[in-house]
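As structure tokens, the structure follows; a few thoughts come after it.
The values are calculated or read from the model by the stated rules, or taken from the named source; none is laboratory data. Being a predicted model, the structure only gives us computed values, none of them experimental. Here the Cβ positions follow ideal geometry from the backbone for every residue, glycine too, while neighbour counts run over all protein chains shown.
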RNA sequence: GGAGGUGUCGCCUAGUCCGGUCUAUGGCGCCCGCCUGCUAAGCGGGUUGAGGGUAAUCCCCUCUCGCGGGUUCAAAUCCCGCCACCUCCGCCA
């Protein structure tokens, strides 16, 4: 939710921000009108209510005819108060709904436009040249099968398309990656967390996943509960309705959780393999800090993401995501895209967003500052999304015989193994 | 899942039976001031949050006693629903 004050004081800035995302600006006028309506209904209600309280105070002291008269007047007034209150509640709801529809204002620096309009920030490492090495790389599906690491057929049999089993070295790899990621995060002062993956609507809505993105969310039938698509959801809601001690900021958490996504509207995309799946596990960084510090913190999250990719020996590039592709909550977003040899292109493996005070305002998370309380800033960043990192590792570090060299950083978590070797059919 | 209990402005707590004098009591903590050679003690004052009137630190008003409804002229207080926690029983990893 954007700052209602900003909308009232400088609506043109909000209009410009919508335009930058390629969206129409009529929500601005809707919200402004709702704000007018809201404030006049508040004034109406409060005037009636104050009168009612005044008269009510006189009743216990009054007697006889005077009392009967007061009772008659307050009885009428009570009905007026009731309808004024209902009008006020309705106006507040309309106003809030209108405000909730407006996405966060994109950063000045974020490129304008849609998905294709990202800005390339940097390229790290060079894609491996398999032609020069004299062999054709195998894709992760084939490697996963040869190594006994990924079982896509049985995943489909049991759960349907876009499901998989990680087995043997595949399962080991996920565990190792999880521990490596958690160790890295811990060393940078993060608190490790395992959050609930099932949440109430409040958490989902507060993080911005129940608007246009609702199609992608699994809901539990008859329960009013949702499966989270990322631990950003339970971690943002973690401090909801709290006033944080600003001396303790930033609060940094590294959360491991399963993630569930319907992937509605992506039919036909990435149908093979485990690039795009309905369920995966992920280690996510989540930070609460001040608005002023959030921009520097965003850069720090990006550096920690790069540190993780670097120690896995992956080639990747970093992009500054365009305004139109930011999603509802983000003010700015950086994606790291790893080179996938058999696709011969860079694919998103991590993503970090600065949501400024947008989610904090929705979830009522404030800090106590000298001037009073104010919403804090929330940021999130992927440390390790398992399937995509496993894909990148398998394809990048494969050898001609189908074995895969294990990056040194992972070896301590894989019983010292230096490579994964193909196995006979399972 | 069943039965019973509890939920008050940071923490503890009075008030709820029997509706109005609750503008919610007191203690602790915290903040400001006084006193004191310093410290402690003592004395005085302040200390939930949100919204509206306002551009506004002052001032006025409304809401806020877990949340949402209802009854009533009037609800912390009475009624209903929900949520959380505690105790016991059942079940379970």
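I need a count of the residues in the stretch A:252-265 that are under 18 Å from the mean Cα position of the chain (by Cα) and either surrounded by fewer than 19 Cβ atoms within 10 Å (Cβ to Cβ) or not in a strand (DSSP E or B) (or both).
Total meeting the criteria: 5.
Tell me the helices (runs of 4 or more DSSP H) entirely within the stretch A:64-158 that contain at least 3 residues that are modelled with pLDDT of 90 or more and either touching a strand residue (DSSP E or B) at 6+ places or on another chain (Cβ under 6 Å) or away from RNA strand B (no atom under 16 Å from the Cβ) (or both).
Once the helices (runs of 4 or more DSSP H) in the stretch A:64-158 are filtered for at least 3 residues that are modelled with pLDDT of 90 or more and either touching a strand residue (DSSP E or B) at 6+ places or on another chain (Cβ under 6 Å) or away from RNA strand B (no atom under 16 Å from the Cβ) (or both), what remains is A:130-133, A:140-147.
State whether one or more residues within the stretch A:304-319 are touching a strand residue (DSSP E or B) at 6+ places or on another chain (Cβ under 6 Å), at pLDDT 95 or above and in a loop (DSSP other than H, G, I, E, B).
yes
Could you give me the residue pairs with C-beta distances under 9 Å whose first residue belongs to the stretch A:57-81 and is farther than 21 Å from residue A:45 by Cα and assigned by TED's automatic domain parsing to the domain that holds residue A:47, whose second residue is surrounded by 10 or more Cβ atoms within 10 Å (Cβ to Cβ) and at pLDDT below 80 wherever it lies, and which are 6+ apart or on separate chains?
Here the result reads A:68/A:62; A:69/A:62, each pair linking the stretch A:57-81 to a residue that is surrounded by 10 or more Cβ atoms within 10 Å (Cβ to Cβ) and at pLDDT below 80.
Sort through A:5, A:38 and tell me the only one that's within 13 Å of RNA strand B (Cβ to nearest atom), without any contact (Cβ under 8 Å) to a residue 12 or more places away in the chain, closer than 29 Å to residue A:328 by Cα and in a helix (DSSP H, G or I).
Answer to the check: A:5.
Does the stretch A:360-375 contain any residue that is in a loop (DSSP other than H, G, I, E, B), under 30 Å from residue A:120 (Cβ atoms) and within 14 Å of RNA strand B (Cβ to nearest atom)?
No, the stretch A:360-375 contains no residue that is in a loop (DSSP other than H, G, I, E, B), under 30 Å from residue A:120 (Cβ atoms) and within 14 Å of RNA strand B (Cβ to nearest atom).
Do we have residue A:213 as part of a helix (DSSP H, G or I), modelled with pLDDT under 95, closer than 28 Å to residue A:299 by Cα and in the same structural domain as residue A:152 (by TED's automatic domain parsing) here?
yes
What number of residues within the stretch A:396-414 are within 33 Å of the chain's Cα centre (by Cα) and either outside the structural domain of residue A:307 (by TED's automatic domain parsing) or in a loop (DSSP other than H, G, I, E, B) (or both)?
4
Restricting to the stretch A:266-301, count the residues that are within 19 Å of residue A:388 (Cα to Cα), surrounded by fewer than 13 Cβ atoms within 10 Å (Cβ to Cβ) and without any contact (Cβ under 8 Å) to a residue 24 or more places away in the chain.
3
Only one residue in A:23, A:18 is more than 11 Å from RNA strand B (Cβ to nearest atom), touching a residue at least 40 places away in the same chain (Cβ under 8 Å), not assigned by TED's automatic domain parsing to the domain that holds residue A:323 and not in a helix (DSSP H, G or I). Which one?
The conditions single out A:23.
Just to check your reading of the model, which residue among A:356, A:342 is away from RNA strand B (no atom under 16 Å from the Cβ) and within 19 Å of the chain's Cα centre (by Cα)?
Within the list A:356, A:342, the selection yields A:356.
Quick check on my filter: what residues within the stretch A:236-251 are assigned to a helix (DSSP H, G or I) and either closer than 24 Å to residue A:220 by Cβ or in contact (Cβ under 8 Å) with a residue 40 or more places away in the chain (or both)?
A:236, A:237, A:246
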